[in-house]
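Following: one structure in structure tokens, then a few remarks.
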Amino acid sequence: MQVEHRITIATPPATIFQIYEDVENWHTWDPDTKQAFIDGPFRVGSRGRITPPKGMSVPMLFTQVEPGRCFTVESKIPLFRMLFEHELIAIAGATEVIHRVTFSGLLSIVLGPMLSKQLNAGLPITLRNLKALAEAKSAN
């Protein structure tokens, strides 16, 4: 099961990637994140935790990091895996931003539909907030 949302932001990919690298401030633009932190640098193999507004903190592992292009975080609990992909595509004078979440594991049958509903409501808000923050940074 997968959920995907996109937005075009009038800034270069590097500006958006700097916002991504500031993990401890994800909550300022992502309403589905109450708290997030990373142990170590923003690179493949680094680990951290993310806490949603409701629910327990879950571990995250950075499985892909390409500065200015993309990063992927994996969160696992028993019988359930979530893959959060963040992709940046440079287009004329802007960046197309894609946030994609993929669920797998036995519990995805139960948790997937509920989380998909939440993500389909929340991701557009997250992307609009990211757009506002990135474009404001770019204007300075």
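Going by a ≥ b ≥ c, the root eigenvalues of the Cα gyration tensor, does segment 1-42 fall in the rounded group (a/c under 1.5), the prolate group (a/b larger than b/c) or the oblate group?
Details: a/c = 1.76, a/b = 1.17, b/c = 1.51.
Verdict is oblate for segment 1-42.
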Subject >> Inter-site label distance for Phe42 and Val58 at 7 Å from Cα along Cβ, in nm >> reply: 2.2
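When only C-alpha pairs under 8 Å and at least 6 residues apart count, what is the relative contact order of segment 2-139, in percent? Walk me through the numbers on the way to the answer.
On the way: 273 pairs, mean separation 42.1, N = 138.
Worked out over segment 2-139, it gives 30 percent.
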**OP:** For segment 83-100 and segment 1-27, compute the distance between their C-alpha centroids and round to whole Å.
**Re:** 7
Subject >> CD proxy at 222 nm, helix term only [per DSSP H run n ≥ 4: -39500 (n - 2.57); per residue of the chain; nearest 500] >> reply: -10000 deg cm²/dmol
Subject >> aspartates and glutamates with Cα under 12 Å of Lys131, excluding same-chain neighbours fewer than 8 positions away >> reply: Asp30, Glu96
Original post:
How high is the relative contact order of segment 58-140, given as a whole-number percent (alpha carbon pairs under 8 Å, six or more residues apart)?
Top reply: 18
**OP:** Stick to the Cα atoms of the chain, pair each with every other, and give me the Kirkwood hydrodynamic radius in Å at one decimal.
**Re:** 15.3
**OP:** List the lysines whose Cα lies under 19 Å from the Cα of Lys117, skipping any in the same chain that are fewer than 8 positions away.
**Re:** Lys34, Lys54
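Where nothing but the Cβ of Lys and Arg (+1) and of Asp and Glu (-1) is charged, how large is the charge dipole of the chain around its Cα centre, in debye to the nearest 20? Don't skip to the end; give the middle numbers.
Numbers: 14 positive and 13 negative charges, 67 e Å.
Magnitude of the dipole: close to 320 debye.
For a Förster distance of 35 Å, can you work out the FRET efficiency between the beta-carbons of Thr28 and Met1, rounded to the nearest 0.05? Working shown, then result.
On the way: r = 28 Å, r/R0 = 0.81.
After rounding, the FRET efficiency stands at 0.80.
Tell me whether segment 40-98 comes out rounded, prolate or oblate; compute the Cα gyration tensor, take square roots of the eigenvalues as a ≥ b ≥ c, and use a/c under 1.5 as the rounded threshold.
prolate
Every number in this text was worked out from the coordinates using simple rules, so none of it is lab data. Keep in mind that this is a model prediction, so the values were computed, not measured. Ideal geometry is used to build each Cβ from the backbone, glycine not excepted, and the neighbour counts take in all protein chains shown.
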